[in-house]
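Written out below as structure tokens is the structure these notes cover.
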Amino acid sequence: MPVSYLDFREKLYPQGIFSIIQVRLYFPDFNSDNLLFWQKKGYILRLRKGWYCFREVTQVPEFSFLVANNLYAPSYISHQEALLFYGLIPEHIVDSTSVTTKKTESFNVLDKIYKYYSIHPRFFFGYVLKNMAVNGWTRSFMIAEREKAILDLLYLFDFYKTEEDLAEIRFNESVLEKDIDWQKMDEYLGRFNIKILEKKVRLIRKIHQL
């Protein structure tokens with residue numbers, strides 16, 4: 001039996017974005033030609049192979065977070081984009097930045113670059129679920145905690161070595177002082193157990209007199 005757009009929307013809209021696999025969970029005999037037809041109508045947008053969203057969902061402020069988590073999983077938003085989200089750095093980050101246990105990868109989706117940096121599975125921790133409203137529905141996205149976002153940045157980008165290099169990150173000192181749990185930072189450093197990472201954190205504390 002053909003699937004009407006209204007039935008399709010009723011089932012998939014709460015997802016925010018959706019995959020062809022999810023579509024077939026609801027509609028096992030779904031004809032994928034419908035997706036092309038609805039794209040031409042402007043009802044839905046193709047994100048990348050097998051992934052789609054409803055056009056109006058792109059207007060949600062955290063839309064890119066939802067895309068980032070689903071496009072390449074497992075992953076969570078981290079380092080630059082997470083630091084910007086928490087107000088820890090002033091720069092406007094154009095690209096989406098995440099970490100993953102898969103290989104390093106990047107995708108261009110709706111004129112935004114989504115970058116995924118590979119990290120060892122034992123370092124895949126320190127993230128939380130945050131809720132976002134998608135046109136009356138609540139969805140969640142995974143993002144690094146403040147402390148882990150800093151550590152992911154320092155771990156993944158080894159050009160941050162000297163005091164001068166680290167000063168270039170331009171941390172917001174008031175947020176760094178008020179919102180960072182240094183006890184948690186030390187706990188996470190212990191899980192990394194990497195001396196150079198510990199040194200970088202000490203230098204950051206020295207620079208900002210923390």
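Laid out as a table, the results:
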quantity	calculated
Note, ³J(HN,Hα) from phi for region 13-26, Karplus 6.51, -1.76, 1.60, rounded to Hz, x at Gly and Pro	4, x, 6, x, 10, 8, 10, 4, 5, 5, 4, 6, 5, 7
Helical contribution to [θ] at 222 nm, DSSP H n ≥ 4, -39,500 (n - 2.57), averaged over the chain, rounded to 500	-11500 deg cm²/dmol
³J(HN,Hα), Karplus 6.51/-1.76/1.60, whole Hz, each residue of region 102-119, x for Gly, Pro	7, 6, 4, 8, 8, 9, 9, 10, 6, 6, 10, 8, 10, 10, 10, 9, 6, 9
About the Cα centre, charge dipole magnitude for the chain (Lys/Arg +1, Asp/Glu -1 at Cβ), debye	540
For Tyr127, distant residues with modelled amide H under 5 Å away	Glu145
Ranked list, fewest to most other Cβ atoms within 10 Å of each Cβ, for His92, His79, His120, His208	His92, His120, His208, His79
Region 5-57: C-alpha gyration tensor shape, a/c 1.5 cut-off, then a/b vs b/c	rounded
Cα-only Debye scattering, region 52-118: base-10 log of I(q)/I(0) at q = 0.16, 0.26 Å⁻¹	-0.52, -1.21
Mean-position separation - Cα centroids, region 155-182 and region 27-61, in angstrom	40
Straight-distance crosslink candidates among lysines, where the alpha carbon sits under 23 Å from Lys206 and sequence neighbours closer than 8 are dropped	Lys148, Lys161, Lys178, Lys184, Lys195
Sequence of Lys178, Lys130, Lys115 once ranked by neighbouring C-beta atoms within 10 Å, starting from the fewest	Lys178, Lys130, Lys115
Descending Cα extents along the principal axes, region 138-210, whole Å	43, 28, 23
Fewest-first ranking of Val67, Val128, Val23, using other Cβ atoms within 10 Å as the exposure measure	Val128, Val23, Val67
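Any read-out appearing in this document is the output of simple, stated calculations on the displayed coordinates, not a laboratory observation. Note that the structure is predicted; figures quoted are calculated from it, not measured. Cβ: placed from backbone, ideal geometry, glycine included. Neighbour counts: every protein chain shown.
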